[in-house]
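Participant: My questions will all concern the structure given below.
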Amino acid sequence: MRILLVDSTLYAPSSPLFLEALQELSVERGFKYSFVDEAPFLRPLSTSLIHKVVFRLLGRRPLTYWALNRKLLVEVRRFRPDLVIIVQGAYFSFNTLSLIKEETNKVLINYATDDPFHPNISTRDLIKAIPIYDLYACTMRSILDPVSKAGCRMAIYVPFGYKPAIHHPEKPSNPDEKARFDADVAFVGTCDSARLPYLTAIIERIPDVRLAIYGGEAWKRYRILRRYYRGLALGREYRLALGGAKIVLAFSRRAHHPGPLMRHFEIPACAAFMLAERTEECMELLKEDQEAVYFGSPEELVDKVRYYLSRDDERQRIAEAGHRKVTLGGNTYKDRLIQILEAVRALSG
């Protein structure tokens, strides 16, 4: 089997999601694979004002939109894959995907890492292209029916996962690492105003808390949070940020993705104690107060932080149980890729 993967190295090493899995399966099953990286085409959106302006003027299309579509078409024609897996695929045109289907008549798969219908995330290309895909692998159950109604042949639930080579337990080991990563409470993620009331509640009601916030520099816009901001945490530094904290927070994006998100797999995989926003989807993954702890308001979050900061044994027990649940439960991206390939076989059978 020949598989073409389309994803991005923008957030390496956490992404591309399936590349290591493909490398393993190429050895185990003799697959051939190729990879198209969106990162060189999308990176200017975060570094160039011109690219940002043009992105708005073109209705959420990057200036590199046409070059990216040509790159995909050229690689499909060169590699001649049996199936193409596109992760999200917000910037591929209906015409490009139609040409791929016409020329190869092979299986086209979308791994939907978010809601293709949400106005803050979607693009007109993404919605228009839904009927072109043979299979939509959705990370959230709530979009299964809308995707099917939009014309996709098959929609299945395939949640996020974790990468064992990246997401495993590791604690700060030397004085420099401990100085940087030790914390009572840590959060790793993008700056989102919806998260501000929760973080400020911790600061205001537990004044001596050692809070660590990792992510983009947008966090520094909030004066109350600046002193707690510790920069980016990727790869090994991400593991150390989780391993150095007594409590690691996880928020959901209720508006368009109630979870579980990537963090809900990665934090337990690193054997960290996870205190997460309560949603039914997340509690299906990890049992409340047994494999993870949940909160539903800033007040409850503060109460849970106070309670668990002084209970090392309880934190350790819950963190170990969450680690076992995730790592022994078939939640790697290799497991997810195998699930997708089994659905493809059912589709063609």
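Derivation of every value follows stated rules applied to the coordinates shown; laboratory data play no part. Small disclaimer: the values here were computed from a predicted structure and weren't measured. Methodologically, a virtual Cβ is constructed for each residue, glycine included, from the backbone with ideal geometry; neighbour enumeration extends over all protein chains shown.
Participant: Taking only the alpha carbons of region 175-327, what extent do you get along each of the three principal axes, in Å, biggest first?
Facilitator: 39, 36, 29
Participant: When only Cα pairs under 8 Å and 6 or more residues apart are kept, what is the percent relative contact order across the chain? If you can, show how the numbers build up before the last one.
Facilitator: Values: 595 pairs, mean separation 50.5, N = 349.
Taking the mean separation of contacting Cα pairs over the length of the chain, I get 14 percent.
Participant: Using the 10 angstrom Cβ neighbour count as an exposure proxy, how do Cys270, Cys191, Cys282 rank, fewest first? Write down the numbers at each step before the final one.
Facilitator: Numbers: Cys270 27, Cys191 17, Cys282 21.
By the 10 Å Cβ count, ascending: Cys191, Cys282, Cys270.
Participant: Under the definition of Cα pairs under 8 Å and six or more residues apart, what whole-number percent is the relative contact order of region 253-310? Show your work: numbers first, answer last.
Facilitator: Details: 36 pairs, mean separation 16.2, N = 58.
Value for region 253-310: 28 percent.
Participant: Ok, one more. Within 11 Å, Cβ to Cβ, of Thr123, how many net charges do the neighbouring residues add up to if Lys/Arg are +1 and Asp/Glu are -1? Write down the numbers at each step before the final one.
Facilitator: On the way: positive: Arg60, Arg61, Arg124, Lys128; negative: Asp125.
Here the charged neighbours net out to +3.
Participant: Another one. Based on the alpha carbons, how large is the Rg to Rh ratio for the chain when Rh follows Kirkwood? Could the numbers behind the result be given before it?
Facilitator: Working: Rg = 20.9 Å, Rh = 21.4 Å.
Ratio value, two decimals: 0.98.
Participant: In degrees from 0 to 90, rounded to the nearest 10, what is the angle of the helix 333-348 Cα long axis to the longest principal axis of the chain?
Facilitator: 30 degrees
Participant: If one takes the longest principal axis of the Cα atoms in the chain, at what angle in degrees, from 0 to 90 and to the nearest 10, does the Cα axis of helix 298-309 lie?
Facilitator: Approximately 70 degrees, to the nearest 10.
Participant: Could you list Ile132, Ile206 so that the one with the fewest beta carbons within 10 Å of its beta carbon is first and the one with the most is last?
Facilitator: Ile206, Ile132
Participant: So how far apart, in nm, are the two label points at Glu280 and Ile224 if each is 7 Å from Cα heading toward Cβ?
Facilitator: 3.2 nm
Participant: While we're looking at this one, here's another question. Need one word for region 58-122: rounded, prolate or oblate. Basis is the Cα gyration tensor (sqrt eigenvalues a ≥ b ≥ c); a/c below 1.5 gives rounded, then a/b vs b/c decides.
Facilitator: Oblate.
Participant: Determine by what factor the alpha-carbon radius of gyration of region 158-259 differs from 2.2 N^0.38 Å, reporting the quotient.
Facilitator: Values: Rg = 14.0 Å, N = 102, 2.2 N^0.38 = 12.8 Å.
Expressed relative to 2.2 N^0.38 Å, the Cα Rg reads 1.10.
Participant: Let me ask something else about it. Report, in whole Å, the centroid distance computed from the Cα atoms of region 1-38 and region 292-314.
Facilitator: Computed from Cα coordinates, the inter-centre distance equals 39 Å.
Participant: Further, regarding this structure: What nm value, rounded to one decimal, do you get for the distance between Phe117 and Ala165 when each label is placed 7 Å out toward the C-beta?
Facilitator: For Phe117 paired with Ala165, the spin-label model returns 3.7 nm.
Participant: If contacts are Cα pairs under 8 angstrom and at least 6 residues apart, what is the relative contact order of region 175-327 in percent?
Facilitator: Details: 233 pairs, mean separation 35.9, N = 153.
Relative contact order here is 23 percent.
Participant: If I model a spin label as a point 7 Å beyond the Cα along the Cα-Cβ vector, how far apart are those points for Ser26 and Arg306 in nm?
Facilitator: Each label point lies 7 Å from its Cα, and together they span 5.5 nm.
Participant: Tell me the Kirkwood radius of region 74-231: reciprocal of the mean inverse pair distance over distinct alpha-carbon atoms, in Å.
Facilitator: Result for region 74-231, one decimal place: 19.1 Å.
Participant: Take the Cβ-Cβ distance between Met1 and Ala321 as r, set R0 to 41 Å, and report the resulting FRET efficiency rounded to the nearest 0.05.
Facilitator: 0.65
Participant: Straight-line reach from Lys246: which lysines have a Cα under 24 Å away, not including same-chain ones fewer than 8 places off?
Facilitator: Lys163, Lys171, Lys178, Lys220, Lys287, Lys304, Lys325
Participant: State log₁₀ I(q)/I(0) for region 170-229 at q = 0.14 Å⁻¹ as given by the Debye formula over alpha-carbon point scatterers of equal weight, solvent excluded.
Facilitator: The computed values of log10 I(q)/I(0) come out as -0.40.
Participant: Shifting gears a bit: Can you check what the net charge comes to around Arg60, using other residues whose Cβ is under 10 Å from the Cβ of Arg60 (Lys, Arg +1; Asp, Glu -1)?
Facilitator: It works out to a net charge of +2.
Participant: Compute the long axis of helix 312-327 from its Cα atoms, compare it with the longest principal axis of the Cα atoms of the chain, and write down the angle in degrees, 0 to 90, nearest 10.
Facilitator: The two axes meet at around 10 degrees.
Participant: Another question, if that's okay. For the chain, what is the mean residue ellipticity at 222 nm derived from helices alone (per DSSP H run of n ≥ 4: -39500 (n - 2.57); sum divided by total residues; nearest 500 deg cm²/dmol)?
Facilitator: The per-residue figure over the chain is -12000 deg cm²/dmol.
Participant: While we're here: Can you pull the Rg over Rh of region 1-141, Cα-only, Kirkwood?
Facilitator: On the way: Rg = 14.9 Å, Rh = 15.6 Å.
Expressed as Rg/Rh, it is 0.95.
Participant: Here is a follow-up. On alpha carbon coordinates alone, what is the Rg over Rh value for region 135-211, Rh being the Kirkwood radius? Mind showing how you got there, number by number?
Facilitator: Details: Rg = 19.9 Å, Rh = 16.8 Å.
Radius of gyration relative to Kirkwood radius: 1.19.
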